[in-house]
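Before any comments, here is the structure.
The values are calculated or read from the model by the stated rules, or taken from the named source; none is laboratory data. These numbers come from a predicted model, not from an experiment. A quick note on method: Cβ atoms are made from the backbone with ideal geometry, for glycine too, and the neighbour counts reach across all protein chains shown.
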Amino acid sequence: MTTVHLEERHQDAAGFVKPSPQALVRCEGLEKWYGGVHALKAVDFHAEPGEIVGLVGDNGAGKSTLIKLLSGVHRPDSGRIFIEGKEVALTSPKAAMALGIETIYQYTAMVPAMSIARNMFIGREPLKWSLLGLGWMDGRAMAETAIRSLTNIDLRTRSPDTPVEELSGGQRQAVAIARAMYFKSKMLILDEPTNHLSVKETNKVLDYVQELKGQGITSIFISHNLHHVHPIADRIVAMARGEKIADVRKSDISLEEMTEMIV
């Protein structure tokens with residue numbers, strides 16, 4: 001096992017894990033300012049195909065800013081983003097989704113009063129017919145797909161017509177993950193997905209993330225709770241004050257060492 005030497009809670013940048021030529025996502029020198037706040041400072045980041053990357057750090061570390069750039073919510077002030085080796089401009093969440101990047105936020109972007117089936121397809125509803133982009137939704141197709149997807153994530157007891165507001169927090173996360181699976185996402189960004197969940201539901205979400213890995217889907221798991229990240233991550237990236245302070249394979253650092261670095 002490689003020994004990771006920590007100096008002033010920062011890993012030597014020369015020891016950061018380097019991206020492979022096959023990296024699914026690669027970011028170079030990302031900078032972001034919000035007024036006078038320097039939220040990201042020359043951040044390099046990458047994720048490999050089928051890899052689970054734990055992105056950790058305290059509040060204000062820059063985690064949320066980084067994923068907003070990767071999900072197309074915001075544009076970087078400088079720096080470059082590559083998807084499968086090709087430089088891209090992620091101008092909107094829709095542009096990111098078109099490239100296979102799905103994001104599940106802590107408070108999942110769902111409409112509580114709508115059914116599971118509608119939320120599975122929100123913004124991407126199949127149509128029975130269309131004219132100039134307008135048409136009639138194919139409710140049967142949505143329901144049938146939702147039933148298959150719910151079975152895959154062990155929510156088979158729920159009807160696709162169930163309003164999302166009747167689901168628990170963990171079940172809502174599961175529906176969002178099922179949606180990403182159905183649309184064949186290449187990378188799933190999960191922003192604090194286990195916040196406010198019970199122990200049982202947390203373990204279920206962690207199982208889902210590992211199932212994504214089995215399907216070859218890359219996951220970026222954002223959390224300030226290392227006890228959730230460490231068991232499932234292949235690699236852990238730590239941030240503080242807008243900078244990347246560590247990028248290590250899980251096998252090369254203990255939970256205690258990582259805790260000391262970010263606390």
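If you check V17, V56, V43, V88 for being at pLDDT 95 or above and surrounded by 22 or more Cβ atoms within 10 Å (Cβ to Cβ), only one passes: V43. Considering each of R140, R158 in turn, give the residue that is exposed (fewer than 14 other Cβ atoms within 10 Å of the Cβ) and either modelled with pLDDT of 70 or more or in a loop (DSSP other than H, G, I, E, B) (or both). The unique qualifying residue is R140.
At least 3 residues being touching an Asp or Glu at 6+ places or on another chain (Cβ under 6 Å) is the threshold, and among the helices (runs of 4 or more DSSP H) wholly inside the range 176-263 not one reaches it.
Let's see how each residue does on (1) free of Cβ contacts under 8 Å to residues at least 40 places away in the same chain; (2) in contact with a strand residue (DSSP E or B) (Cβ under 6 Å, 6 or more places away or on another chain):
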site: L150; (1), (2): yes, no
site: S168; (1), (2): yes, no
site: R179; (1), (2): no, no
site: K213; (1), (2): no, yes
site: G242; (1), (2): no, yes
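The residue that is farthest from the chain's Cα centre (by Cα), counting only those in the range 100-111 that are surrounded by fewer than 17 Cβ atoms within 10 Å (Cβ to Cβ) and either of a type outside the set (S, T, Y) or at pLDDT 95 or above (or both), is V111.
Of all residues in the range 76-85, those being buried (at least 16 other Cβ atoms within 10 Å of the Cβ) and part of a loop (DSSP other than H, G, I, E, B) number 1.
Rundown of residues vs (1) among the small types (G, A, S); (2) surrounded by fewer than 19 Cβ atoms within 10 Å (Cβ to Cβ); (3) closer than 23 Å to L255 by Cβ, yes/no style:
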position: S149; (1), (2), (3): yes, no, no
position: G170; (1), (2), (3): yes, no, no
position: I177; (1), (2), (3): no, no, no
position: Y182; (1), (2), (3): no, yes, no
position: L188; (1), (2), (3): no, no, no
position: P193; (1), (2), (3): no, no, yes
position: Y208; (1), (2), (3): no, no, yes
position: H228; (1), (2), (3): no, no, yes
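Applying the condition of being in contact (Cβ under 8 Å) with a residue 60 or more places away in the chain, in a loop (DSSP other than H, G, I, E, B) and not charged (D, E, K, R) to the range 53-75 and asking which residue is nearest to I222 (Cα to Cα) yields G57. Hey, among the residues in the range 187-231 that are among the small types (G, A, S) and within 25 Å of G100 (Cβ to Cβ), which one's farthest from the chain's Cα centre (by Cα)? Step by step, filter the range 187-231, then rank; the result is G214.
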